[in-house]
């Protein structure tokens, strides 16, 4: 299977560089324009579309699907990481409001996350489960996944079995990447030990 991974178009929170996580804003006009531009880039051979349940991802998927009119499969496994008390804040605001958590570099810890949020390990586990279910259930050879920034880096690391640039690599709003041989996910369990320990 070939997987085209798209990050949703811009939201106002993205434009203001805020932690977005499980918050559910709509696309900005710029975000819609990004999705329209993406529609012109993606191949016609895509045979299935899976999408995060969050509005910004669904709006992006609907724009991308305008002519293809494929059924959209909403999968909760591909929702964005919940960053708890940091959601809606800029990094400066998070540092000022939660200095102890900030000094712990809490969003980059494997087994713990911000209060009321998810750890990286929890996100990696659910995205792995989502990919496994997708590979086992899909009959399409080329599938579009419309999701989020943290989800994209997690999918990329899991399929490539390489977390070495996990914190450095980013997928921009309205951008995409292609991953081949997605079936490899079936050969590996989600990491039980911290693959980020040496970073």
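The values are calculated or read from the model by the stated rules, or taken from the named source; none is laboratory data. Bear in mind that the values here come from a model prediction, so they are computed numbers and not experimental data. Here the Cβ positions follow ideal geometry from the backbone for every residue, glycine too, while neighbour counts run over all protein chains shown.
Picking from 134, 145, which residue would you name as being in contact with a helix residue (DSSP H, G or I) (Cβ under 9 Å, 6 or more places away or on another chain), more than 30 Å from residue 89 (Cα to Cα) and at pLDDT 95 or above?
Going through 134, 145 in turn, the sole match is 134.
Taking only the range 172-189 into account, find how many residues are surrounded by 16 or more Cβ atoms within 10 Å (Cβ to Cβ) and within 17 Å of residue 123 (Cα to Cα).
Counting residues in the range 172-189 that are surrounded by 16 or more Cβ atoms within 10 Å (Cβ to Cβ) and within 17 Å of residue 123 (Cα to Cα) gives 1.
Any residue at all in the range 52-66 that is over 19 Å from the mean Cα position of the chain (by Cα) and farther than 30 Å from residue 116 by Cβ? So that I can check it myself, show each step before the final result.
First, the residues of the range 52-66 that are over 19 Å from the mean Cα position of the chain (by Cα): 66.
This time we only want the ones that are farther than 30 Å from residue 116 by Cβ, so: 66.
Yes, the range 52-66 contains a residue that is over 19 Å from the mean Cα position of the chain (by Cα) and farther than 30 Å from residue 116 by Cβ.
Restricting to the range 106-138, what's the tally of residues that are surrounded by fewer than 20 Cβ atoms within 10 Å (Cβ to Cβ) and without any contact (Cβ under 8 Å) to a residue 40 or more places away in the chain?
The total comes to 7.
Just to be sure before I move on: is residue 101 surrounded by 13 or more Cβ atoms within 10 Å (Cβ to Cβ) and under 18 Å from the mean Cα position of the chain (by Cα) in the structure I sent?
Working: surrounded by 13 or more Cβ atoms within 10 Å (Cβ to Cβ): yes; under 18 Å from the mean Cα position of the chain (by Cα): no.
For residue 101, the condition - surrounded by 13 or more Cβ atoms within 10 Å (Cβ to Cβ) and under 18 Å from the mean Cα position of the chain (by Cα) - is not met.
Taking residue 158 as the residue in question, decide whether it is within 30 Å of residue 68 (Cα to Cα), touching a helix residue (DSSP H, G or I) at 6+ places or on another chain (Cβ under 7 Å) and without any contact (Cβ under 8 Å) to a residue 60 or more places away in the chain. Explain how you work it out, then say what you get.
Values: within 30 Å of residue 68 (Cα to Cα): yes; touching a helix residue (DSSP H, G or I) at 6+ places or on another chain (Cβ under 7 Å): yes; without any contact (Cβ under 8 Å) to a residue 60 or more places away in the chain: yes.
Yes, satisfied.
Filter the range 35-55 for residues that are buried (at least 23 other Cβ atoms within 10 Å of the Cβ) and either free of Cβ contacts under 8 Å to residues at least 24 places away in the same chain or out of contact with any helix residue (DSSP H, G or I) (no Cβ under 7 Å at 6 or more places or on another chain) (or both) and give the result.
Result: 54, single match.
Return the pairs, sorted by first residue and then second, in which the second residue is assigned to a helix (DSSP H, G or I) and at pLDDT 95 or above, the first residue lies in the range 3-18 and is at positive phi, the beta carbons are less than 8 Å apart, and the residues are 6+ apart or on different chains.
17/91
Among helices (runs of 4 or more DSSP H) lying entirely in the range 53-118, which contain 2 or more residues that are touching a strand residue (DSSP E or B) at 6+ places or on another chain (Cβ under 6 Å)?
55-64
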